[in-house]
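Taking it in order: structure first as structure tokens, then the write-up.
The values are calculated or read from the model by the stated rules, or taken from the named source; none is laboratory data. Here the structure is a predicted model, which means the values were calculated and not measured. Reconstructed Cβ throughout: ideal geometry from the backbone, glycine too, with neighbour counts over all protein chains shown.
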Amino acid sequence: MFIDAPTSSLTVGSRPAIGSLDVVQTFKQYPTANIGDAMDRLNLMDSGIAAQWTSGRCVGPALTVLTREGDNLAIHRALDDAAPGDILVINALGGTTRAVFGDLLGEICLAAGIAGVIIDGLTRDRADIKEMALPLWARGVSPAGPAKYGPGSVNVPVACGGVVVNPGDLICADDDGVAVVPASSFAAVLDKLQDIDNFERELRAKIRNSVKKPAPAL
């Protein structure tokens, strides 16, 4: 960690094996809305978990954190286990009094190769995080900073935005919101996504071809 704080209050689970990077690249082709449709519109985080700057998008395996409201010690510890391409998923108990994330943690995330951050709680330093182009979803912003005492857990199942996220599940996030694809469902969801994509392409073409063109001027 880049901070000097005791970690005896934290528990750290085993990191699951990460699946093929080809899966990540394939899911990147599809918008979150379609991914949700392919899961019967389940496994979508509630709308309170919102993009903190537009045009942020990320797809990658979940690195999960459970932390006490207003405390970010476990987040610092989790980043010691980060692999490039991970999505940091933080259950901060939906706290709305103190931010658990800010620009310095953002810098650590970039150094570790984190592809995005999802917080069931608050951030701060939003303008700086936007400038560093770190995709970020949270419940909102507060200038109030966090404590660093714990307790907390890393690499355990967490609840985030009303959805259970297991370490290694695939996180797909864009301006619409956040979808969670369970690791056991990758192949089935991809099959449905291809069908949805084909249907939408055909329907869009039919709609556009049906639009009457204005008559030429005489």
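Given G106, G70, G140, G85, which one is at positive phi, modelled with pLDDT of 95 or more and surrounded by 19 or more Cβ atoms within 10 Å (Cβ to Cβ)?
Working: G106 fails: at positive phi; G140 fails: surrounded by 19 or more Cβ atoms within 10 Å (Cβ to Cβ); G85 fails: surrounded by 19 or more Cβ atoms within 10 Å (Cβ to Cβ).
So the residue among G106, G70, G140, G85 that is at positive phi, modelled with pLDDT of 95 or more and surrounded by 19 or more Cβ atoms within 10 Å (Cβ to Cβ) is G70.
Could you list all residues from region 86-96 that are out of contact with any Asp or Glu (no Cβ under 7 Å at 6 or more places or on another chain) and not hydrophobic (A, V, I, L, M, F, W, C)? Show your work before the answer.
Of the residues in region 86-96, the ones out of contact with any Asp or Glu (no Cβ under 7 Å at 6 or more places or on another chain) are 86-89, 96.
Scanning region 86-96 gives D86, T96.
Based on what the data block shows, is A147 surrounded by fewer than 20 Cβ atoms within 10 Å (Cβ to Cβ), under 17 Å from G70 (Cβ atoms) and either touching a helix residue (DSSP H, G or I) at 6+ places or on another chain (Cβ under 7 Å) or of a type in the set (A, V, I, L, M) (or both)?
Judged against the criteria, A147 is a match.
Tally the residues that are touching a strand residue (DSSP E or B) at 6+ places or on another chain (Cβ under 9 Å) and farther than 23 Å from A138 by Cβ, restricting the search to region 8-25.
Selection size over region 8-25: 10.
Within region 123-134, identify whether any single residue is of a type in the set (D, E), at pLDDT 95 or above and under 13 Å from A51 (Cβ atoms), and answer yes or no.
Scanning region 123-134, I find no residue that is of a type in the set (D, E), at pLDDT 95 or above and under 13 Å from A51 (Cβ atoms), so the answer is no.
Answer yes or no as to whether L63 is in contact with a helix residue (DSSP H, G or I) (Cβ under 8 Å, 6 or more places away or on another chain) and touching a residue at least 60 places away in the same chain (Cβ under 8 Å).
yes
Scan region 1-30 for residues that are farther than 26 Å from G56 by Cβ, polar (S, T, N, Q) and loosely packed, with under 13 Cβ neighbours inside 10 Å and report the count.
Of the residues in that region, 2 qualify.
Residues that are touching a helix residue (DSSP H, G or I) at 6+ places or on another chain (Cβ under 8 Å) and at pLDDT 95 or above: which strands (runs of 3 or more DSSP E) entirely in region 161-218 hold 3 or more of them?
Values: elements: 163-165, 170-174, 177-181.
Hits in region 161-218: 170-174, 177-181.
How many residues does region 36-52 hold that are surrounded by fewer than 16 Cβ atoms within 10 Å (Cβ to Cβ), of a type outside the set (G, A, S) and under 14 Å from the mean Cα position of the chain (by Cα)?
Residues that pass the stated criteria total 1.
Of G113, G161, G168, G152, which residue is of a type outside the set (A, V, I, L, M, F, W, C), crowded, with 21+ Cβ neighbours inside 10 Å and within 24 Å of V24 (Cβ to Cβ)?
Of G113, G161, G168, G152, the one residue that is of a type outside the set (A, V, I, L, M, F, W, C), crowded, with 21+ Cβ neighbours inside 10 Å and within 24 Å of V24 (Cβ to Cβ) is G161.
Can you list residue pairs whose Cβ atoms sit under 9 Å apart, with the first residue in region 38-54 being closer than 18 Å to L136 by Cβ and the second being crowded, with 21+ Cβ neighbours inside 10 Å and of a type in the set (D, E, K, R)? Count only pairs 6 or more apart in sequence or on different chains.
Final answer for the pair search is M45/D120; G48/D120; I49/D120; A51/D174.
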